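The values are calculated or read from the model by the stated rules, or taken from the named source; none is laboratory data. Everything numeric in this text was worked out from a predicted model, so none of it was measured. Please note: Cβ atoms are built from the backbone with ideal geometry, for glycine as well, and neighbour counts cover all protein chains shown. Just the protein is used for accessible areas: all its heavy atoms, side chains included, with ligands, DNA and RNA removed. Shrake-Rupley method; radii C 1.70, N 1.55, O 1.52, S 1.80 Å.
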Amino acid sequence: AGTEVATLFLDRDLAIKWFTPQTLGLFDLQSTDIGRPINHFARKFADDKMVPAAQEVLDTLSPNESEVQSTSGKW
């Protein structure tokens, strides 16, 4: 909660394990959404590469940091 960075933690099945409060600017998530697949949620940004990038992170164990533009035009 002390970071300004939206961080999303997923398990091997791309289900939500945890997220930082800043992630709420990118997804409409609630604590009860933990355990649900990330592709079940509408995104507030235009980036079709999120799911493949998340899978690559899990496959390679290398971090991925992306800057995306929100549907409201913010970066």
- Item | Every residue from the stretch 47-60 that is under 26 Å from S31 (Cβ atoms) and in a loop (DSSP other than H, G, I, E, B) | D47
- Kindly indicate which of A53, A46, A15 is without any contact (Cβ under 8 Å) to a residue 40 or more places away in the chain, open to solvent by 40 Å² or more (accessible area, probe 1.4 Å) and of a type outside the set (V, I, T). A46
- Task: Hey, can you tell me all the residues within the stretch 1-12 that are outside any loop (DSSP other than H, G, I, E, B) and touching a residue at least 24 places away in the same chain (Cβ under 8 Å)?
- Result: L8, L10
- Message: What's the total number of residues in the stretch 27-43 that are free of Cβ contacts under 8 Å to residues at least 24 places away in the same chain and open to solvent by less than 70 Å² (accessible area, probe 1.4 Å)?
- Response: 6
- Query: Mind checking which residues of the stretch 61-75 are farther than 15 Å from L24 by Cβ and either open to solvent by 80 Å² or more (accessible area, probe 1.4 Å) or touching a helix residue (DSSP H, G or I) at 6+ places or on another chain (Cβ under 9 Å) (or both)?
  - Reply: L61, S62, P63, N64, E65, S66, E67, W75
- Per the filter on the stretch 39-75, residues touching a strand residue (DSSP E or B) at 6+ places or on another chain (Cβ under 6 Å) and closer than 15 Å to R12 by Cβ are A54
- Message: Condition (residue is of a type in the set (G, A, S) and within 12 Å of the chain's Cα centre (by Cα)) applied to the stretch 38-48: is it met by at least one residue?
- Response: yes
- Note on the structure: Scanning the stretch 18-37 residue by residue, those among the polar types (S, T, N, Q) and under 11 Å from the mean Cα position of the chain (by Cα) turn out to be T20, Q22, T23
